[in-house]
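Below is one structure, written out as structure tokens; the observations come after it.
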Amino acid sequence: MSNTTPKLRWGILGAARINERLLPAIVEADNAELVAIASRREGAAAQTLAKYAPGLEGIKTYNSPDELLDDKAIQAVYIPLANHEHAEWTLRAIEHGKHVLCEKPMALDVADIRAIATAARRYHVTVMEGFMYRFHPQHARVLELIQSGLFGEIRSARSSYSFMMRPERKYRLQESITNGGGALWDIGCYAIHSLRLFFDQDPLSVTAVAKYIDSGADVAASGVLDFGDGRFAQFDFSFERARRCEYELIGTKGGIKCHTVWQLPGDVPVLSWWTDDGQQFQEQLPAANHFRLEVEHFSRSVLSGSAPLLSLDDAESNCRTLVSAMQSAAEGRLVRLDE
């Protein structure tokens, strides 16, 4: 029997290292089809395809992103370019009538995300910021337990993300923080996004401190988000310490910890939770590829005309919080998000 599942036709706009995970995810997704990949570096698209999908035939490779956008066979594009290029190429793709999954961060300022939202409405396309972790079932399970009332009202939260910067990744430190370089825009966006998920409003203010290097990029930071009424969320992230990607939530009746937000192949999702009446549990969930789940979700959203899980309002709120954290660290003061 032939497979009649509708498939969204994808192009990849860039030969970035993240293709190690995203390119196979598109190839393996039930409702996606990889049509082409482009890079401005001569031959890089073909090299990336051969490296991450060896033996895959019939995929077009372009040495110009504009050529890929002109390809009418492509319905959606994934954008993994440098952080400061995300907004520009998202807008270009939208103007070519393409749906867009843009790797985080979608933009470095709120005005660009508003421009993207306006363009998406004008051209009737779906646009989503690529936080792959949100599509792993472990976070839905955390939300389910919270909504059951098991932990009472969530009053505090903590997130921690880090890894030691390896030589092949030092390109992330070439640009200043204001131009998208450094830890804030790379892993700090996860730290703040995963905290915002569990509160019913945006933070009122942020206080942050950071360490910078000569390029102006930050390599480590820590701070506090104030959600009002004594509800605080602490975040920290660093390129100068061992790998960590976790969050912990504490409510009026108990708390829960997600041990490994970034799920690598072979990782086992584990949640630990406890309650004030003495219950203690460690729950192991089935392994899942959150990159593939992200691609399948976005493809399903486009093909069905339904709204994606991560809205552009969410992208704007996360960007506003990140910009405020950057301002707080630079100026050494508390920054209100409504400034």
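Which numbered condition in (1) at negative phi; (2) in contact with a His (Cβ under 8 Å, 6 or more places away or on another chain) is the only one that GLY180 fails?
(1)
As an exercise: evaluate ASP200 against (1) at pLDDT below 95; (2) open to solvent by 30 Å² or more (accessible area, probe 1.4 Å); (3) farther than 27 Å from THR275 by Cβ and give the number of the one condition it does not meet.
Failing condition for ASP200: (3).
Mind checking whether some residue in segment 219-230 is open to solvent by less than 10 Å² (accessible area, probe 1.4 Å), in a loop (DSSP other than H, G, I, E, B) and of a type in the set (A, V, I, L, M, F, W, C)?
Yes, there is a match, as at least one residue in segment 219-230 is open to solvent by less than 10 Å² (accessible area, probe 1.4 Å), in a loop (DSSP other than H, G, I, E, B) and of a type in the set (A, V, I, L, M, F, W, C).
From the list THR61, THR5, which one is β-branched (Val, Ile, Thr) and either under 20 Å from the mean Cα position of the chain (by Cα) or surrounded by fewer than 18 Cβ atoms within 10 Å (Cβ to Cβ) (or both)?
Details: THR61 fails: either under 20 Å from the mean Cα position of the chain (by Cα) or surrounded by fewer than 18 Cβ atoms within 10 Å (Cβ to Cβ) (or both).
Exactly one of THR61, THR5 is β-branched (Val, Ile, Thr) and either under 20 Å from the mean Cα position of the chain (by Cα) or surrounded by fewer than 18 Cβ atoms within 10 Å (Cβ to Cβ) (or both), namely THR5.
Does GLU95 count as under 22 Å from GLN174 (Cα atoms) and surrounded by fewer than 20 Cβ atoms within 10 Å (Cβ to Cβ)?
Numbers: under 22 Å from GLN174 (Cα atoms): no; surrounded by fewer than 20 Cβ atoms within 10 Å (Cβ to Cβ): yes.
The answer is no for GLU95.
Anything in segment 191-219 that is without any contact (Cβ under 8 Å) to a residue 40 or more places away in the chain and among the polar types (S, T, N, Q)? List them, or say none.
Listed by number, the list holds a single entry, GLN201.
For segment 65-80, which residues satisfy the criterion of being part of a loop (DSSP other than H, G, I, E, B) and open to solvent by 30 Å² or more (accessible area, probe 1.4 Å)?
Of everything in segment 65-80, those that are part of a loop (DSSP other than H, G, I, E, B) and open to solvent by 30 Å² or more (accessible area, probe 1.4 Å) turn out to be LYS72, ALA73, GLN75.
Just the residues that are assigned to a loop (DSSP other than H, G, I, E, B) and more than 22 Å from HIS297 (Cβ to Cβ), please, taken from segment 82-132.
Scanning segment 82-132 gives ALA82, HIS96, LEU108, ASP109.
Looking only at segment 228-246, count every residue that is under 23 Å from GLN138 (Cβ atoms) and in contact with a Leu (Cβ under 7 Å, 6 or more places away or on another chain) and tell me the total.
2
Would you check if there is a residue in segment 52-63 being out of contact with any strand residue (DSSP E or B) (no Cβ under 7 Å at 6 or more places or on another chain), without any contact (Cβ under 8 Å) to a residue 60 or more places away in the chain, acidic (Asp, Glu) and under 17 Å from PHE291 (Cα atoms)?
No; the residues of segment 52-63 include none that is out of contact with any strand residue (DSSP E or B) (no Cβ under 7 Å at 6 or more places or on another chain), without any contact (Cβ under 8 Å) to a residue 60 or more places away in the chain, acidic (Asp, Glu) and under 17 Å from PHE291 (Cα atoms).
The values are calculated or read from the model by the stated rules, or taken from the named source; none is laboratory data. No experiment lies behind these values; they were computed from the predicted model shown. FYI the Cβ positions are ideal-geometry reconstructions off the backbone, even for glycines, and counts take in every protein chain you see. Note: accessible area is taken over every heavy atom of the protein model, side chains too, but ligands, DNA and RNA are not part of it. Shrake-Rupley method; radii C 1.70, N 1.55, O 1.52, S 1.80 Å.
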